[in-house]
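Values in this text are rule-based calculations from the coordinates and carry no lab data. Predicted model only: the values in this text are computed from it and were never measured. Please note: Cβ atoms are built from the backbone with ideal geometry, for glycine as well, and neighbour counts cover all protein chains shown.
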Amino acid sequence: MNNKEGNNKKSGGRANSSRPNSNKPKPAMQKRAQGPKKVKVTTKVADIAAEKVEKKPNQAPKRPKVKDEIRLNKYIANSGACSRRDADIYIQSGTVKVNGIPVTEMGYMVKPGDVVNFDGATLTPEKKVYILLNKPKNFTTALDEGQEFRNVLELVKGSTTAKIGPVGRMDKNTTGLLLFTNDTDMIRKFTLPSQKSSKIYQVSLDKNLKFEDLEKIQKGLTLDGHRVFVEEVSYIEGEAKSEIGLKLRSSNVKVVRSIFENFDYDVLRIDRVAFAGLTKKNLPRGNWRLLTEQEIINLKNV
């Protein structure tokens with residue numbers, strides 16, 4: 001009995017000693033308890049990284065944009081003094097002052113009320129104006145004094161007080177769409193040989209255009225050492241084969257005339273029916289209209 005009791009006591013002792021051990025955290029539990037510590041470490045690293053970003057040396061705080069402010073080079077170009085590219089040269093040379101202080105910083109922003117002095121003269125920027133004219137015959141873009149034919153500016157007289165000019169040239173016999181603006185950047189853009197906007201012309205010849213000549217024109221040709229790429233050329237449906245539709249990127253009407261004269265055709269008339277997405281719809285010959293905001297955006301994105 002005593003031995004049995006002794007055995008029972010021993011076994012009971014083991015049982016009692018094992019119970020407290022069962023309450024001790026197991027290794028797995030200890031790993032879980034370390035989980036939050038890892039999060040704290042990660043958070044600390046993130047805080048340090050954020051602090052480094054915030055404490056970048058020489059990092060100027062972003063200045064809130066002022067309503068109606070404009071870059072200095074654009075302000076100068078808007079005044080008609082020169083192009084934006086040339087304005088940058090003047091700014092770098094130190095000949096431009098804002099509120100009496102020379103400014104050489106590229107990208108400087110002019111605020112409403114600022115006084116800009118350009119090469120000794122105070123500038124007054126004009127609002128950009130865009131006017132589309134359906135030009136009639138016997139008006140020219142030439143500015144020669146004593147010329148026989150009238151200037152196209154007479155046709156848009158009174159449309160604006162801004163100093164506008166035509167985009168490209170047109171002779172007295174050429175009719176159709178002609179764009180006027182005081183936006184020097186846009187004038188330059190559409191007169192560059194590399195510009196990519198399409199123009200469509202209706203050309204009247206002295207005789208029918210041979211089909212083999214039409215095919216040669218479609219393939220492109222070289223004029224005065226320059227390669228001319230024609231997007232499309234075709235006979236005009238319902239008209240004589242002397243009436244030709246021509247689509248190309250050049251805004252120089254002389255190129256249109258030279259294409260057909262290269263194949264011994266005399267050009268009687270040239271009518272520009274489309275210019276960079278603009279058409280003659282609801283614009284009678286001799287009339288003009290202001291471009292819509294969307295049309296201006298489209299021209300700038302061409």
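Some notes on this structure:
- Translational diffusion coefficient of region 107-210 (Stokes-Einstein, Kirkwood radius from Cα pairs, 4 °C, 1.567 mPa s): 78 µm²/s.
- Percent of Cα-Cα distances greater than 13 Å, calculated over region 112-166: 68 percent
- An ellipsoid equivalent to region 149-262, defined through the eigenvalues of its Cα gyration tensor, has semi-axes of 29, 17, 11 Å when rounded to whole angstrom and sorted largest first.
- Relative intensity, log₁₀ I(q)/I(0), of region 211-262 from a Debye sum that treats every alpha carbon as a point, q = 0.28, 0.30 Å⁻¹: -1.28, -1.41
- In region 63-113, the inverse of the mean reciprocal separation of distinct Cα atoms equals 11.1 Å; this is its Kirkwood hydrodynamic radius.
- Sequence-separation-based contact order of region 174-302, relative, with Cα cut under 8 Å and 6+ spacing, percent: 36 percent
- Label zone at residue 157 (point 7 Å along Cα-to-Cβ), backbone N below 20 Å, region 285-301: 285-290
- Under a 5 Å amide H cut-off, with hydrogens placed 1.01 Å from N, residue 130 pairs with 291 among residues at least 5 apart or on other chains.
- When the C-alpha to C-alpha distance is required to be over 26 Å, the pairs from 137/216; 157/207; 135/254; 163/189; 128/157; 219/241 that qualify are 137/216; 157/207.
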